[in-house]
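In what follows, a single structure is set out as structure tokens and then discussed.
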Ligand code: HMG
């Protein structure tokens, strides 16, 4: 009988790669052909790469891991993470386990529209421009939906609204910006909103008598926000207090906020990459949202309520589950299948949850043992290989580095090189 994700994730980190793949197959989130594909090293044929980008010379491989123990809105997930940094997957899995045993993760998406922008760099009279555009708004929406966004309309989405913003140019004149609001359903929507805006250029020029200077989507999608909430019960009051203090630090100080948000993105970017989503767009949106009141702040907040710790993530997180790399790249398609999400909103909610969990894992380490201990414990292998250790030498160098870390609480590449040199010298010296 198939084992559940909860069952296969017990001790998952102690399994070897073959056993991990078998366990995932047993749980039904991947199939035997996916196991074969991953064992063969994923995609090798560069012809698909030629379709994605230009001047292709090969693939850049980064590791693909699985974060375990996630239960979000009552559903278990195997979270694919494509990332090169040590300790991210481990910290996400460990923190998800803590939450699973002592609390819950709830998520929601607020709003449904993405934003396209049409710029008229200088308008003679903003009020006239605005009234001319708004007088034709219904018609403009209608033709955009009929001629360009008809596929989305069929799925229940499409262009829904248009608004006009006045931006003073600083030279006494005005810039007019038209915002086109569109529900992209399960697509990320970049291509279609850009097409809609370019299509509207001509009619807008005709109705307003002004010149459109450029059309492009905005990544600051404050009209569609993804929210994740973690509630952790029975938490030690001193730990909860330290996490609350760390949260206040990131809310008030942009220097700390940048690092806090990097920690959140440690959880977000690897899923975006694994599922073939545009991580630059999401990053840009999150950072812009973090600075929306004029100061860069954290996108997460932690508050203690008695013996309960409550964390909130809120930011735009626009992703797609259809179209583009998501469906075309075989590894992305495999990751989407493993994740088992059925809509763009569900993917966005899962990603927000992992970002918030990752943030909690980092804050817990930072306010207790410090980041070095766990990070370095897992980084030892990198240092060992970086020093040039060969297969037979790796376990010996690793063990010595662990001993040094336990005593001095820090290690570096020079320690690894020194140990390796000593080891090689001792092997050469006559006894
Ligand atoms: P530990 O307590 O030594 O781990 O923590 P453990 O060996 O006791 O294992 C506990 C669980 O952790 C395991 O459960 C796994 O879920 C997971 P099990 O599978 O045994 O049932 N785990 C692992 N999973 C996969 N492979 C592994 C592995 N080891 C543990 N090898 C740990 C070790 C690193 C998890 C902990 O010290 C930790 O969470 N540290 C924080 C690390 C972190 O946040 N890293 C992110 C990068 S740092 C950064 O860039 C962001 C930052 O600047 C952000 C900010 O400032 O806010 C910090």
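Highest GNM mean-square fluctuation, the chain, Cα pairs closer than 10 Å: which of 278, 253, 34?
Looking only at 278, 253, 34, the biggest GNM fluctuation is shown by 253.
Tell me, 17, 349, 256 in order of fewest to most beta-carbon neighbours within 10 Å? Let's see the in-between values first.
On the way: 17 9, 349 23, 256 18.
Listing 17, 349, 256 from fewest to most nearby Cβ atoms yields 17, 256, 349.
Obtain the nm distance between the two label points defined at residue 421 and residue 122 by a simple spin-label model: each point lies 7 Å from its Cα along the Cα-to-C-beta direction.
6.7 nm
Hey, in the GNM for the chain with a 10 angstrom Cα cutoff, which one of 412, 343, 87 fluctuates hardest?
In this elastic network of the chain, the residue with the biggest mean-square fluctuation among 412, 343, 87 is 412.
Residue 173 versus residue 343, label points 7 Å from Cα toward the beta carbon: distance in nm?
The answer from the label model is 4.6 nm.
Under a 10 Å cutoff between Cα atoms, tell me which one of 415, 260, 219 has the largest fluctuation in the Gaussian network model of the chain.
Of the options given, 415 has the highest mean-square fluctuation.
Calculated FRET efficiency, residue 134 and residue 280, Cβ-Cβ r, R0 41 Å, to nearest 0.05? Each step should come with its number before you reach the end.
Working: r = 33 Å, r/R0 = 0.82.
Efficiency computed from Cβ-Cβ geometry: 0.75.
Using Cα-Cα distances under 8 Å and only pairs 6 or more residues apart, what relative contact order does region 373-428 have, in percent? Intermediate values should be presented prior to the final figure.
Values: 43 pairs, mean separation 23.0, N = 56.
Relative CO of region 373-428 lands at 41 percent.
Relative contact order of region 239-327, please, whole-number percent, based on alpha carbon pairs below 8 angstrom and at least 6 residues apart. Before the final figure, lay out each step's value.
On the way: 102 pairs, mean separation 31.5, N = 89.
Rounded, it is 35 percent for region 239-327.
Return the distance in nm (one decimal) between the two label points of a simple spin-label model at residue 259 and residue 97, each offset 7 Å from Cα along Cα→Cβ.
With each label point 7 Å from Cα toward Cβ, the separation is 2.7 nm.
Report the calculated FRET efficiency for residue 150 and residue 214 (r = Cβ-Cβ distance, R0 = 22 Å), to the nearest 0.05.
Working: r = 25 Å, r/R0 = 1.12.
About 0.35, to the nearest 0.05.
Quick one: helix 279-290 against the long Cα principal axis of the chain, what's the angle to the nearest 10°, folded into 0 to 90?
Result, in degrees: 80.
How do the peptides 56-62, 331-337 rank, highest first, by the average count of neighbouring beta carbon atoms within 10 Å per residue?
Numbers: 56-62: 10.4, 331-337: 20.0.
The packing order, highest mean first, is 331-337, 56-62.
Just the number: Rg to Rh for region 114-218, Cα atoms, Kirkwood Rh, two decimals.
Details: Rg = 13.4 Å, Rh = 13.7 Å.
When Rh is taken as the Kirkwood radius, the ratio is 0.98.
Rounded to whole Å and sorted largest first, what semi-axes of the equivalent ellipsoid does the C-alpha gyration tensor of region 317-431 yield via the square root of 5 times each eigenvalue? Before the final figure, lay out each step's value.
Values: eigenvalues 355, 86, 15 Å².
Whole-Å semi-axes of the equivalent ellipsoid: 42, 21, 9.
Under 8 Å for C-alpha pairs, at least 6 residues apart: give me the relative contact order for the chain, rounded to a whole percent. List each step's numbers first, then the result.
Working: 745 pairs, mean separation 73.5, N = 431.
Over the chain, the number comes to 17 percent.
Taking the square root of 5 times each eigenvalue of the Cα gyration tensor, what semi-axes in Å does the equivalent ellipsoid of region 253-410 have, largest first? Before the final figure, lay out each step's value.
Values: eigenvalues 205, 121, 40 Å².
Square roots of five times the eigenvalues give 32, 25, 14 Å.
Could you let me know the centre-to-centre spacing of region 15-74 and region 138-208, using Cα atoms, in angstrom?
38 Å
Assuming a ≥ b ≥ c are the square roots of the Cα gyration tensor eigenvalues, decide whether the chain counts as rounded (a/c under 1.5), prolate (otherwise, with a/b larger than b/c) or oblate.
Numbers: a/c = 2.01, a/b = 1.76, b/c = 1.14.
Cα axes put the chain in the prolate bin.
Using only the Cα atoms of region 373-428, what are the Rg and Dmax in Å?
Considering region 373-428 through its Cα atoms, Rg and Dmax are 10.4, 34 Å.
So what's the angle, to the nearest 10 degrees on a 0 to 90 scale, between helix 126-147 and the longest Cα principal axis of the chain?
Helix 126-147 sits at roughly 70 degrees to that axis.
A short reminder: the numbers here are calculations on the coordinates, not readings from a lab. Keep in mind that this is a model prediction, so the values were computed, not measured. FYI the Cβ positions are ideal-geometry reconstructions off the backbone, even for glycines, and counts take in every protein chain you see.
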